Every structure is written in C-alpha cells, then in structure tokens.
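Here's the structure we're looking at; comments come further down.
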C-alpha cells in the first residue's frame, strides 16, 4: 500500500511549490493557489518563514534557503563553492575556512575545512548561530533588502534601538567594504573571523569565512579578505 497523505503536510508542500512557481507572491495569492482560507495559510506561512523554508520580504514570499541546506548536507551542493575550494584555502592560509548560508534568522554552516578536532566538533554539534552573532552571518544580513535587514536587526535588538542603529551602521560598512572582520560568536569565544560574500547571479547566496584564534590573523585581515574574494570569485 502506498504512503498515506496528511492534510497539513500536503498543504505545506503545496505552499512551497506555490512559492517556487510564484516568487514574491502575497499571502492572498498563496492562499488562492492552495485553495485555502488566508487565516489558515497565515499560520503555516509564518511557521515556514521561522524555520527558513520560506523567505518574507514586505509580506511577499519566496522559497527560502532551508531546502537548499538539506541538499548541501546530503552532498548535493547548491551554492557555487565546493569543498575542494575550501580545502585549498585552508591549506594556503593555514586556518579553518567555513561556508555559511542564511536559514531564517540563523547562519548555518554547510561545509568547512582545515579545522582541528576541537573546532570540528564544535561546528558539527552546533551548525546554526544567530545571524548577527557571527562575521559570516553579518555579511549575509548586510546584503538583504532594507526591509529584511531591518527585520533581522529588530529581532536581534528588540529592546535597544540605539544598539540596533549601531548594528545597521556596521552592516552598511560591511556592504561598502565587501567584508566583515570581528568576533564570530560564542561557539569558539576567542575566535576572530574574516568573512566575504559569495555572489551568484547578482545575489549573495553564502558567505565564506576564515577563523583564527588568539590573534592568529594578526594584521593580515585585508590580505585574507583578498584571498577569499579571489577564490570565491573564480567559482561564483
């Protein structure tokens, strides 16, 4: 006997397919596409946005990055940076190199190379980090649309408008310089990262970062950023 359908699962699948067929569809358009009341679709859509299966921009919806992340983790890369590129960078720089994508409000590490055992264990056990807490995540946020960028900042700094404005200024600097250098979250507290965007078809689809501990990067952040941009520019 074949697998049984489940009404909610079917509805979710229909919404994802509708978002692919109609990028930027409104909630009303999605509800019409799946022949369901807007009120019931709203809850499903909000949940799918929260976990990264849909992206929201000004109350318009498109397929999010989460399905792509699953493909990457299953060994089917969908961002234009293969593991060999990361491994080559790690060997050249003598430091760990990571590849991250945005899933909802998180940066998700989909691949890495050159990490020691402790670092590899830390990444494997916690592949998601809030976007604004990591250098790679800040690169990803910086290249979102203004509305999406402000939504991420509001969620990250809900009770501190001044801090939110300072973060937006930092993100503008990231866009202008094409890189981010700074602390890379609580996963490895003494780590400092240099991160650059990965472009594909005019959009930032990922971020590549180099991680150094206890001053390992020294004064070489500019040089490292140049090496990263050259490497990902060749494959994007």
Checklist entry - How high is the FRET efficiency from residue 20 to residue 150, r the C-beta distance, R0 22 Å, rounded to 0.05? => result 0.25
Item to check | Within the chain, helix-based [θ] at 222 nm, where runs of 4 or more DSSP H residues each add -39,500 (n - 2.57), nearest 500 | outcome: -15000 deg cm²/dmol
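With N residues in segment 7-63, what two-decimal value do you get for its Cα radius of gyration over 2.2 N^0.38 Å? Each step should come with its number before you reach the end.
On the way: Rg = 9.6 Å, N = 57, 2.2 N^0.38 = 10.2 Å.
Expressed relative to 2.2 N^0.38 Å, the Cα Rg reads 0.94.
Normalising by the residue count of the chain, find the relative contact order in percent from Cα pairs under 8 Å and 6+ residues apart.
On the way: 382 pairs, mean separation 36.3, N = 236.
Reported as a whole number, the value is 15 percent.
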Checklist entry - Once both axes come from the Cα atoms, what is the angle between helix 161-177 and the longest principal axis of the chain, in degrees from 0 to 90, rounded to 10? => result 70
Checklist entry - Label residue 200 and residue 219 with points 7 Å out from Cα along Cα→Cβ: what is the distance between them in nm? => result 3.8
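Which percent of the Cα-Cα distances in the chain go past 32 Å? Display every interim value, and only then the final one.
On the way: 6673 of 27730 pairs.
Considering the chain, 24 percent of its Cα-Cα pairs are separated by more than 32 Å.
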Checklist entry - In bins 5 Å wide, starting from 0, what share of all Cα pairs of segment 80-153 does each bin hold, as a percent? => result 3, 17, 23, 22, 18, 9, 6, 2
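Go through 206-212, 154-160 and give me the packing order, highest mean Cβ count within 10 Å leading.
Working: 206-212: 27.6, 154-160: 12.3.
So the peptides 206-212, 154-160, ranked by packing, come out 206-212, 154-160.
All of the numbers you see were taken from the coordinates with simple rules; none came from a lab. What you see is a predicted model; the values in this text were computed from it and never measured. Backbone-built Cβ (ideal geometry, glycine too); neighbour counts: all protein chains shown.
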